Amino acid sequence: MFNLKTRAPKGYQDPWNLPLQDRLKTLAAGSRRVAYFYERADNSTFRYRIYNMAEVLNNSGGEISASYFFLEDLRYLDEIATLADLLVICRTRYDNRVNYLIRAFKAKGKPVYFDIDDFVFDTDHVHLIINTLDLNVNEGVVWHDWFSYNSRLGATLKLCDAGITTNVHLAAKMKAFADIPVAVIPNFMNRLQLELSEQVYQEKRGRRHGETGLIHLGYFSGSPSHNKDFQIVAATLEELLAADERLGLVVVGYVSAGPRLEKFGDRVTYWPFMDFVSLQRAIGSVEFNLMPLQVNAFTNCKSELKYFEAAAVGTLSIASPSSVYAETISHGHNGFIAQAHAWHSVISEAVARDDHAAMAERAHDHAIRDYGWESQFDTIKNALNLP
């Protein structure tokens, strides 16, 4: 594991926690104004699909301004609808308030877009989702919650004029479901994430794998629903750690490695779920980023964010061949692709190679070029049909 000196800013707080009046002022600043809407702020979908988008648009030199609003702000709906030229609703479940929000914009002849980053709007695929997420199929509340969640998101989507999503695979699902045009804006890194990532990369650059201790494989879980994914590699990791004392494992988030890996003592490290700034440093501290994933219609719609966040800090990814990973990672060039039966051989190959620095540089340059906030303006502007 690399001992990196870079730290998250002291006293870090999520940068999007701003008073409503500040957000209204930001919206009013540009000549063309985009209002984003989400149920409530969080460190995942909201950050990628709203906060990052608004940051890009607000760096257009006054040409375009953007701000974001939540359910608790709808008492100011008339002011928001008057100020904004268009509305982007992100992953928001239908209810009477959402219906009123959409109608307020449409009554003024202003377009409404729906942005979503997961295949969770079509009840025909609830069974697949529940099985993929390893939920209890015998609990009625699970079926109730997921049918409700998908149907309410689908209802909001069908009220909108156009869609926006993260990749072409999910775009095709949205278009078939709602019969509306759908544009793609990939997930990407914001300014703070990119600045910290570059610091981490420069500290790490040039160091040989294992020169400061163990060679660490990292698994970074952003939600509690990845047990089946982790089990794809659990037995392989046990075999590899038993055979090679140079290897260590870092597990971050909600997944437990279980008894089969805990027996390796301090070679297996657990860190809790963390803010996105701290997470970049954690990813940068390991040599390899493991991305096992069940491959099906649900997971093929996932974005490539785990790849580019690792690449930005010089950490090489080893991934299952989902559609997006297979398109993003060229095996042996900027990372590794592992079929379900080949994790042992691919991890062994990755560890044994002597060109890690060159591979990491290619992955890093790819991530900065294609997934940095500064290169997204035209894509966002075109998706929103802004002149």
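Readers should treat all values here as calculations from the given coordinates under stated rules, not as data from a laboratory. These figures come from a predicted structure and were not determined experimentally. Methodologically, a virtual Cβ is constructed for each residue, glycine included, from the backbone with ideal geometry; neighbour enumeration extends over all protein chains shown.
Worth pointing out:
- Summarising the amide proton neighbourhood of ILE215: residues at separation of 5 or more, or on other chains, whose placed amide H is nearer than 5 Å comprise LEU247, GLY248.
- Between GLU198, GLU63, GLU361, the GNM of the chain built on Cα springs shorter than 10 angstrom shows GLU63 fluctuating the most.
- The value of relative contact order for the chain, using C-alpha pairs under 8 Å at least six residues apart, is 16 percent.
- Here the calculated FRET efficiency for ALA28 and VAL141, from their Cβ-Cβ distance with R0 = 45 Å, stands at 0.55, rounded to the nearest 0.05.
- Principal semi-axes in Å for region 267-337 [√(5λ), Cα gyration tensor, largest first]: 21, 14, 11
- Percent breakdown of C-alpha pair distances by 10 Å bin, ordered from the shortest bin, for region 191-371: 10, 41, 40, 9, 0
- For VAL34, nonlocal amide neighbours, meaning residues 5 or more places apart or on other chains whose placed amide H falls under 5 Å from its own, are SER65, ALA66, SER67, ASP85.
- Spatial separation of Cα centroids for region 184-211 and region 145-168, in angstrom: 33 Å
- Selection from THR26, ASN131, VAL286 lying farthest towards where the dipole of the chain points positive, charges on Cβ: THR26
- When the chain is treated as a Gaussian network with alpha carbon springs shorter than 10 Å, the biggest mean-square fluctuation among SER278, SER320, SER67 belongs to SER278.
- A simple rule links phi to the HN-Hα coupling: the Karplus curve 6.51 cos²θ - 1.76 cosθ + 1.60 with θ = phi - 60°, which for region 201-206 gives 4, 5, 5, 7, 4, x Hz, with x for Gly and Pro.
- 21 Å Cα-Cα threshold exceeded, pairs from LYS204/LYS302; LYS204/LYS306; LYS108/LYS158; LYS110/LYS302; LYS302/LYS381: LYS204/LYS302; LYS110/LYS302; LYS302/LYS381
- Residue with peak Gaussian network fluctuation, the chain [Cα springs, cutoff 10 Å], from ARG353, ARG32, ARG103: ARG353
- Computed from phi, the 3J(HN,Hα) profile of region 129-134 under the Karplus parametrisation 6.51, -1.76, 1.60 (θ = phi - 60°) reads 4, 4, 5, 4, 7, 6 Hz, with x in place of Gly and Pro.
- Distant alpha-carbon pairs in the chain (separation over 40 angstrom), percent: 17 percent
- Residues whose placed amide H lies under 5 Å from that of MET189, excluding near-sequence neighbours: GLY372, TRP373
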